[in-house]
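Below is one structure, written out as structure tokens, with a few remarks after it.
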Amino acid sequence: MSNFTIKLDKDKIAKLKDTFRNDIKPNANEYIDTFIQNDNVTISIYTSDKVVFQGNDAFFYASAYIDQKENPQAGSDEVGTGDYFGPVCVVAAIVEKDDYPYIKEHKITDSKAMSDEVILKLGPEISNRFKHSLLILNNEKYNEVHESNNMNAIKAKMHNQAYLNLISKGYKIPDEAYIDQFCPRSLYFEYLEDIKDVYRKVEFETKAESKYPAVAVASVLARYAFLKSMEEMSKKYDFEFPKGASDTVDEKAREFVKKYGMKKLNEVAKVHFKNTGNI
């Protein structure tokens, strides 16, 4: 379940109500003007003109009401930073004007709003279609780097390198380039102070993957790389690694340690997570 909140003008709200007129349901909340619900999404239109989309397809439905110019753009996103097991994957991708129909047809949006099954199915096709660069930081290397870099510093360096890799591949980065913001802009560039080459022509926005198609494409490609890496890791160790960092992950980590020992945990997990202390 995901949600996305936007503020719309009266014309767009009227269009939204008309589009979903058959899905309008009663609601007792005095602050909600119109409540819409179907099998794919729940939409609450507040008297303040704030609109909240909820459900697995929330970003897809909300994106139809966000003003987007179909300009060439680049975007980057990361996956795996909240998962105890598995690598950190960062992708920078480029979307051209003629890519927009494909993106709409395949409902490419924030990877968190797409099922892993769909991402695994579309991943190879998307990878072949879009110009992109992929960085995968495996757990062993991640744990080594994390001794002198916090998570945001690692992400900043990987995003920067992903953009530089686009250039080294001979691609021209469009004038519009976006990063899904994980820290203030000034801090991002502080993390890169000791880096010789820094790509600076980027804008930072929260939830950029739901606003900019290039970030959405990067998000999906990063998720695809993460899922494939987890598959490979599972085959290598003959072990099922769960995603996330929940109590279930703690239980599986204990199983892994019983089978392989604590030293091997460094090869499959981000050992600074509190999960390590839990097990």
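All of the numbers you see were taken from the coordinates with simple rules; none came from a lab. The shown structure was predicted, so the numbers you read here are calculated from the model rather than taken from an experiment. Glycine gets a Cβ as well: all are built from the backbone with ideal geometry, and neighbour counts include every protein chain shown.
In straight-distance terms, cross-link reach from K112 covers every one of the aspartates and glutamates whose alpha-carbon lies under 15 Å from its own, apart from those fewer than eight places away in the same chain; here that gives D57, D77, E78, D83, D180, E209. Partner lysines whose Cα lies under 21 Å from the Cα of K131, excluding those fewer than 8 positions away in the same chain, are identified as K69, K97, K104, K107, K121, K155, K157, K169, K172, K201, K211, K228. With no solvent and one point per C-alpha, what does the Debye sum give as log10 I(q)/I(0) for the range 236-278 at q = 0.14, 0.19 Å⁻¹? Values, matching the q order: -0.26, -0.49.
Set Lys and Arg Cβ to +1 and Asp and Glu Cβ to -1, take the dipole of the chain about its Cα centre, and tell me which of A245, N29, I154 lies farthest positive. Working it through, the farthest residue towards the positive pole turns out to be I154. Modelled this way, with points 7 Å down the Cα-to-C-beta line, the labels at K104 and H272 are 4.4 nm from one another.
A Gaussian network model of the chain, with springs between Cα atoms under 10 Å, assigns the largest mean-square fluctuation among N150, N139, N266 to N150. Taking a Cβ cut-off of under 10 Å around V88, the surrounding Lys, Arg, Asp and Glu residues balance to a net charge of +1, with basic ones at +1 and acidic ones at -1.
Comparing Cα centroids, the range 13-49 and the range 166-234 end up 34 angstrom apart.
Per the Debye formula with a single identical scatterer at each Cα and no solvent contribution, what log10 I(q)/I(0) holds for the range 73-232 at q = 0.18, 0.19 Å⁻¹? Ignoring solvent entirely, the Cα scatterers give -1.08, -1.21.
Once Lys and Arg get +1 and Asp and Glu get -1 on their Cβ, which of F189, S229, A216 lies farthest toward the positive end of the dipole of the chain? Value: S229.
At 222 nm, what value in deg cm²/dmol follows for the chain if DSSP H runs of at least 4 each add -39500 (n - 2.57) and the sum is divided by all its residues, to the nearest 500? Don't skip to the end; give the middle numbers.
Values: 11 runs with 117 residues, N = 279.
Calculated at 222 nm, the ellipticity per residue is -12500 deg cm²/dmol.
Seen from S168, the other residues with C-beta closer than 14 Å to its C-beta sum to a net charge of +3, counting Lys and Arg as +1 and Asp and Glu as -1. Which log10 I(q)/I(0) values does the range 30-98 give at q = 0.19, 0.25, 0.26 Å⁻¹ under the Debye formula, counting every alpha carbon as one identical point scatterer? Reported log10 I(q)/I(0), two decimals: -0.92, -1.03, -1.06.
For the range 84-98 versus the range 238-279, the spacing of their alpha-carbon centroids is 25 Å. Three principal axis extents describe the C-alpha atoms of the range 3-63; from largest down they are 25, 22, 19 Å. Local charge sum around D110 (other residues, Cβ-Cβ under 14 Å, Lys/Arg +1, Asp/Glu -1)? Spelling it out: positives minus negatives among the neighbours equals -2.
The loop-placed trypsin sites (Lys or Arg not before Pro) in the range 45-106, going by DSSP, that have at most 12 neighbouring Cβ atoms within 10 Å of their Cβ come out as K69.
The ranking of M262, M158 from fewest to most other beta carbons within 10 Å of each one's beta carbon is M262, M158.
For the range 186-239, applying the loop criterion from DSSP together with a ceiling of 12 other beta carbons within 10 Å to the trypsin sites (Lys or Arg not before Pro) yields K196, R200, K201. Remark: V145, V88, V217 ranked as V145, V88, V217, counting other beta-carbon atoms within 10 Å and listing the fewest first.
A P(r) calculated from all alpha carbon pairs of the chain, with 5 Å bins opening at zero, reads 1, 5, 12, 15, 15, 14, 13, 11, 8, 4, 2, 0, 0 percent.
Work out how much length K7 to I195 would gain on full extension: take 0.36 nm times their residue separation and subtract the Cα-Cα distance, in nm to one decimal. Spell out each step's value before the answer.
On the way: separation 188, 0.36 × 188 = 67.68 nm, distance 3.92 nm.
Computed gain between K7 and I195 is 63.8 nm.
Counting lysine pairs in the range 3-63 that sit 8 or more residues apart in sequence, or on different chains, and whose Cα atoms lie under 15 Å apart gives 8.
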